[in-house]
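Asker: Have a look at this one.
Coordinate-derived values only; no laboratory data. Everything numeric here is computed off the predicted structure, so don't read it as measured data. Cβ atoms come from the backbone with ideal geometry, glycine included; neighbour counts cover every protein chain shown.
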Amino acid sequence: MSFETILTETHGKVGVIRLNRPKALNALNGQLITEMNAALDGFERDTTIGAIILTGSDKAFAAGADIREMKDKTTADVVAGKFLADWDHINGIRKPVIAAVAGYALGGGFEFALACDTIIAAENAKFGLPEVTIGIIPGGGGTQRLARYAGKAKAMEMILTGRMMDAGEAERLGLVARVVPVEKLFEDALALAEKIAALSHPVIAAAKRAVNAAFEEPMSAGLALERNAIYQLFDLDDQKEGMAAFLEKRPPQFRNR
Ligand code: DAK
């Protein structure tokens, strides 16, 4: 499949989606979302792929939803057209998605990064939800995710002012897993993705689902989901292989079943 607003590639077991509207700082228009979702689905279906990287350029991960595309819309337009409803698609991807963020991750760009399973940030990364400064509020999950991940005081301060935070602040808050020099961003994200993709894919999918449940379910439901998931894994060949390999002091050969 050929795309106009994104670039895709594979590195062994890792699928890479690079947002690619450089003239608009990777602003997220309808076409980009459609193409990104198609690429995510392609990697999800590809049984050789074990992890996905979502990234942008050195200057911008994405500067938000495309303001040109939104400017003249009315409430009737956005309701009838289910405007940007397909932004939620990323939430249903079972494989781990790693955001590798350099430069601006603003508005919907930050929201997409927060919807990924983890974020590696370059030293020049800038995160923010500036929607109030253009007359709207975050609509791609920002109010909910930032409040849950960074706490109410920080979320309110960020969202009510629209200010940006740098990579160091994001790391201190636990919003990003690691901060690296810009020129090492892709290499480091790829190393992380390769490490994950080398493990058993169904085991990794279960781990991702269980961690995400911590942000979506009450504690009792999350604990029940975790218990059910670990019980299910004992029927996998990969569980037998992983434990046998440990006891036989050799590397495991996972077969993703
Ligand atoms: N949309 C469209 N074009 C954009 C853009 C954006 N978000 N951000 C930048 N651009 C374009 C600029 O218009 C400019 O284009 P030309 O004038 O050259 O044609 C080009 O990119 C370069 O931008 P600047 O000249 O402004 O570059 P600077 O380095 O001076 O500034 C900046 C960089 C990132 C600080 C600045 O561009 C900026 O503030 N951009 C806007 C950031 C912003 O407000 N983002 C939030 C957008 S609202 C929803 C889900 C999600 C959303 C809504 C609903 N649903 C599911 C319902 C999300 C909403 C948003 O994200």
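Asker: Please label the shape of segment 214-257 as rounded, prolate or oblate, based on the square roots a ≥ b ≥ c of the eigenvalues of the alpha-carbon gyration tensor (a/c under 1.5 means rounded; beyond that, a/b larger than b/c means prolate, else oblate). Mind dumping the intermediate values first?
Answerer: Values: a/c = 3.24, a/b = 2.89, b/c = 1.12.
Here segment 214-257 falls in the prolate category.
Asker: Just want to confirm a number: the relative contact order over the chain, from Cα pairs under 8 angstrom separated by 6+ residues, in percent. Intermediate results must be reported in sequence, preceding the final value.
Answerer: Numbers: 448 pairs, mean separation 41.1, N = 257.
Result for the chain is 16 percent.
Asker: Return the distance in nm (one decimal) between the two label points of a simple spin-label model at E9 and E169, each offset 7 Å from Cα along Cα→Cβ.
Answerer: 3.3
Asker: To continue, here is another question. Can you give the Rg to Rh ratio for the chain, taking only C-alpha atoms and Rh from Kirkwood? If you can, show how the numbers build up before the last one.
Answerer: Details: Rg = 19.0 Å, Rh = 19.2 Å.
Across the chain, the Cα-based Rg/Rh ratio is 0.99.
Asker: Once fully extended, how much extra length lies between K195 and A245, figured as 0.36 nm per residue of separation less the alpha-carbon to alpha-carbon distance?
Answerer: Numbers: separation 50, 0.36 × 50 = 18.00 nm, distance 1.75 nm.
Result for the pair: 16.3 nm of gain on full extension.
Asker: Using a 7 Å offset from Cα along Cα-Cβ at K73, what residues in segment 37-60 end up with backbone N under 19 Å from the label point?
Answerer: The answer is 37-38, whose backbone nitrogens lie closer than 19 Å to the label point.
Asker: Using a simple spin-label model with points 7 Å from Cα along the Cα→Cβ vector, what separation in nm is obtained for D86 and K23?
Answerer: Once both label points are built, they end up 2.3 nm from each other.
Asker: Show that you can apply the helix-only estimate: for the chain, add -39,500 (n - 2.57) for every DSSP H stretch of four or more residues, divide by all residues, and state [θ] at 222 nm to the nearest 500.
Answerer: Numbers: 11 runs with 114 residues, N = 257.
Result for the chain, helices only: -13000 deg cm²/dmol.
Asker: Compute the Cα gyration tensor for segment 25-120, then decide on rounded, prolate or oblate, letting a ≥ b ≥ c be the square roots of its eigenvalues: rounded whenever a/c is under 1.5, prolate when a/b is larger than b/c in the other cases, and oblate in all that remain.
Answerer: Working: a/c = 2.36, a/b = 1.38, b/c = 1.71.
Oblate, since a/c reaches 1.5 and b/c is not below a/b.
Asker: Sort out for me the Cα centre separation of segment 30-103 from segment 224-257, rounded to whole Å.
Answerer: Each part's Cα centre sits 33 Å from the other's.
Asker: Rounded, prolate or oblate for segment 107-221? Axes are the square roots of the Cα gyration tensor eigenvalues, ordered a ≥ b ≥ c, and the cut-off for rounded is a/c under 1.5. Mind showing how you got there, number by number?
Answerer: Values: a/c = 2.28, a/b = 1.27, b/c = 1.80.
Note, shape of segment 107-221 comes out oblate.
Asker: Taking only Cα atoms, what is the 0 to 90° angle, nearest 10, from helix 201-216's long axis to the longest principal axis of the chain?
Answerer: 50
Asker: Determine the dipole magnitude for the chain: charges of +1 sit on the beta-carbon of Lys and Arg, -1 on that of Asp and Glu, nothing else is charged, the reference point is the Cα centre, and the result goes in debye to the nearest 20.
Answerer: Values: 30 positive and 33 negative charges, 64 e Å.
In total the dipole reaches around 300 debye.
Asker: Can you check what the net charge comes to around G107, using other residues whose Cβ is under 11 Å from the Cβ of G107 (Lys, Arg +1; Asp, Glu -1)? Please list the in-between numbers first.
Answerer: On the way: positive: none; negative: D66, E111, E131.
My count for the surroundings of G107 gives -3.
Asker: Which of S200, S57 has the fewest other C-beta atoms within 10 Å, and how do the rest follow up to the most?
Answerer: Numbers: S200 22, S57 17.
Listing S200, S57 from fewest to most nearby Cβ atoms yields S57, S200.
Asker: Which ³J(HN,Hα) values, rounded to whole Hz and listed in residue order, are derived for segment 222-231 from phi using the Karplus coefficients 6.51, -1.76 and 1.60 in 6.51 cos²θ - 1.76 cosθ + 1.60 with θ = phi - 60°, glycine and proline given as x?
Answerer: x, 5, 5, 4, 4, 4, 4, 5, 5, 4
Asker: Fewest to most neighbouring Cβ within 10 Å: what's the order for Y149, Y104, Y231?
Answerer: Values: Y149 14, Y104 25, Y231 9.
Ordered by Cβ neighbours within 10 Å, fewest first: Y231, Y149, Y104.
Asker: Count charges around D237 for me, please; just the other residues with Cβ under 15 Å from its Cβ, Lys/Arg as +1, Asp/Glu as -1. Walk me through the numbers on the way to the answer.
Answerer: Details: positive: K240, R255, R257; negative: D235, D238, E241.
With Lys, Arg at +1 and Asp, Glu at -1, the neighbours total 0.
Asker: Taking amide H atoms as placed 1.01 Å from N in the peptide plane, list the residues 5 or more away in sequence, or in a different chain, whose amide H sits under 5 Å from that of E123.
Answerer: V180, V182
Asker: Something else now. Of the DSSP beta bridges with both residues in the chain, give the percent that are antiparallel, rounding to the nearest 5.
Answerer: Values: 9 of 31 bridges.
So the antiparallel bridges in the chain amount to around 30 percent.
Asker: Right, next: Taking the number of other C-beta atoms within 10 Å as the exposure measure, put I17, I230 in order starting with the fewest. Provide the component values of the computation, followed by the final result.
Answerer: Details: I17 23, I230 14.
With the fewest neighbours first, I17, I230 line up as I230, I17.
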